[in-house]
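Data first, discussion second: the structure below is written as structure tokens.
The values are calculated or read from the model by the stated rules, or taken from the named source; none is laboratory data. Everything quoted here is computed from the prediction, not taken from an experiment. Cβ coordinates were reconstructed from backbone atoms using ideal geometry, including for glycine residues, and neighbour counts include every protein chain displayed.
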Amino acid sequence: MVSDVIRVSSADNVAIVIKPDGLFEGEIFFGSLKAAEPIPFGQKVALQNISINDPVVRYNTVIGYANQSVSKGTWLKNDYIKTPPSPEFFRIDFSKSTDEEVEKLDGYTFEGYRNSDGTVGTKNVLGITMSVQCVSGVIEHVVSRIKKDLLPKYPNVDDVVGLNHHYGCGVAIDVPAAVIPKRTIRNLAQHPNLGNEVLVLGLGCEKLRPELLIDGDNYSLVYLQDPRFEGFQAMVDGIISKATVHLERLNRRRRVTCPASDLVVGMQCGGSDIFSGLSGNPVAGFAADLIVRAGGTVFFSEVTEVMDAATQLVERCANETVAKKLLEEFQWYQNYLEAGGGDRSDNPTPGNKRGGIANVVEKAMGSIAKSGTQPIVDVISPGDKVQMKGLNFVATPASDFVCGTLQLAAGMNMHVFITGRGTPYGLSMVPVVKVSSNSELGKRWFDLIDLDAGQLLTGQKTIEELGWELFQLILEAASGRKLVAADKLGLRNDLVLFNPGPIT
Ligand code: CA
């Protein structure tokens, strides 16, 4: 299937050059068209004459309008495409598409840590939560001490992680927007991989009361301003002695066989190129369908990236209530962008554009491909926890770190991250399976990428083969049998809270 260009839909009037050296002038491509000029890899070529103000169609969707006439076989540069107006969310009506009965997928399992609340962990980690950033230096010190002195004594505990953030004081804590960071911190502390063992470190005088972050029986709370601590060493010893109690209990956790329906897989992309929407995201979408068919849960997110596909997403909502929630989240985000003087053109990035993506509409169509084809059963507000199995839209910014943090708070126990330009993204709390959208990156970053979806473009593998491979890889990594590249290399990005509220 090695080809020169890819056209996604027969309705499209542009295609993407996938020949590694690009098209040369006079080269015959797409059967019988002739390239009028050299057109680089990843860029768009006009398949028809496109007049000024004509729609530019990709993914069977108008991604923009030509601001100059372009003849068949020439390079349709991104500068020649005007972005269409934003969808008016309140004008989109929900109309139920016919329910297609999906074939169930039985018999797939992984080895996970089952928690008393029914959630399942994929790692066994001691998490140290904090109520305010003032204590982060102490957490860093304690984490490195525990790693060095204690973890060797608790061989069943994989890691100790400080749940760092920049919140808790110096912020307007009672404004409506504060609900997002507050519930995020709380839900992160209850993440399935932390085994309901909550150790909270507070300072003592902060606005965010550490008591608000704890729940259940297995928690402990240490204040650095506790008058019993005379000096730094006493403080550290106090925290370590509490940590030991949690480590003892975590060390007794064992992996048990769990059905694939216990997977909660967060899909995300970052450092995208034009191929993310052609190979990486569709492969992730195929795996997403397999997980949902197996009864599991899939998240997709990145509001700023997908809201231009609002009409298409509303059609996929399971019912009108879900559609309404989705559009409310989009509208909320639109208002948030406007309050900051921004708009949707602030996504994509310059790297996206160099990678061949013209605008946010084109990016949206490529982005939603990673959600697969199943109905959206629920919409989760930023910082909230998942309630329903199946495909969920978790309303988060597109920023890799904020999205990853909010998907963690929602309860994701596995992460799939698709990249085309390349980013070394990793999280300490869950395994991150990294997928490259092109083989050039897959080869160059051979030890940073877990699966090369570019093999779809070169014709080496089909979408079905790669989708199943990704699904199996998720099960293996969730079981701890396969170490993902980011974990092998110890690459971890910080958690980043989404705080739409004011700083004081
Ligand atoms: Ca992202």
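On the stretch given as the stretch 488-504, residues that are buried (at least 17 other Cβ atoms within 10 Å of the Cβ) and either under 18 Å from ASN187 (Cα atoms) or polar (S, T, N, Q) (or both) total 7. Among the residues of the stretch 367-377, the ones that are more than 12 Å from the ligand (Cβ to nearest atom), in contact (Cβ under 8 Å) with a residue 60 or more places away in the chain and outside any loop (DSSP other than H, G, I, E, B) come to 4 in all.
Only residues that are within 23 Å of VAL264 (Cα to Cα) and surrounded by fewer than 24 Cβ atoms within 10 Å (Cβ to Cβ) were counted in the stretch 452-469, giving 6. Just one of the listed residues (ASN319, ASN335, ASN347, ASN352) is within 28 Å of LYS82 (Cβ to Cβ) and over 20 Å from the mean Cα position of the chain (by Cα), namely ASN335. Of all residues in the stretch 307-321, those being out of contact with any strand residue (DSSP E or B) (no Cβ under 6 Å at 6 or more places or on another chain) and away from the ligand (no atom under 16 Å from the Cβ) number 9.
May I ask you to say which residue of LYS44, LYS19 is closer than 20 Å to ILE368 by Cβ and of a type in the set (Lys, Arg)? Of LYS44, LYS19, the one residue that is closer than 20 Å to ILE368 by Cβ and of a type in the set (Lys, Arg) is LYS44. Of all the criteria given as (1) touching a residue at least 12 places away in the same chain (Cβ under 8 Å); (2) in contact with a helix residue (DSSP H, G or I) (Cβ under 6 Å, 6 or more places away or on another chain), the one not satisfied by LYS482 is (1).
Residue check: is LEU221 more than 30 Å from ARG344 (Cβ to Cβ) and crowded, with 16+ Cβ neighbours inside 10 Å? Walk me through how you get there before you give the answer.
On the way: more than 30 Å from ARG344 (Cβ to Cβ): yes; crowded, with 16+ Cβ neighbours inside 10 Å: yes.
Considered against the rule, which asks whether it is more than 30 Å from ARG344 (Cβ to Cβ) and crowded, with 16+ Cβ neighbours inside 10 Å, LEU221 comes out as yes.
Return the residue satisfying two criteria in turn: it lies in the stretch 405-425 and is over 9 Å from the mean Cα position of the chain (by Cα) and part of a strand (DSSP E or B), and of such residues it is farthest from the ligand (Cβ to nearest atom). The residue in question is MET414. If you check LEU470, LEU448, LEU441 for being assigned to a loop (DSSP other than H, G, I, E, B) and not β-branched (Val, Ile, Thr), only one passes: LEU448.
Residue pairs whose Cβ atoms lie under 6 Å apart, sitting 6 or more positions apart in sequence or on different chains, and linking a residue in the stretch 386-404 that is more than 16 Å from THR297 (Cβ to Cβ) and near the ligand (Cβ under 9 Å from one of its atoms) to a partner that is among the charged types (D, E, K, R) and at pLDDT 95 or above, are ALA398/GLU302; CYS403/GLU302. If we keep just the residues of the stretch 347-366 that are within 14 Å of the ligand (Cβ to nearest atom) and assigned to a helix (DSSP H, G or I), which is farthest from PHE330 (Cα to Cα)? Per the criteria, the residue is GLY351. For the stretch 396-436, the set of residues classified as among the aromatic types (Phe, Trp, Tyr) and surrounded by fewer than 24 Cβ atoms within 10 Å (Cβ to Cβ) consists of PHE401, TYR425, listed by residue number.
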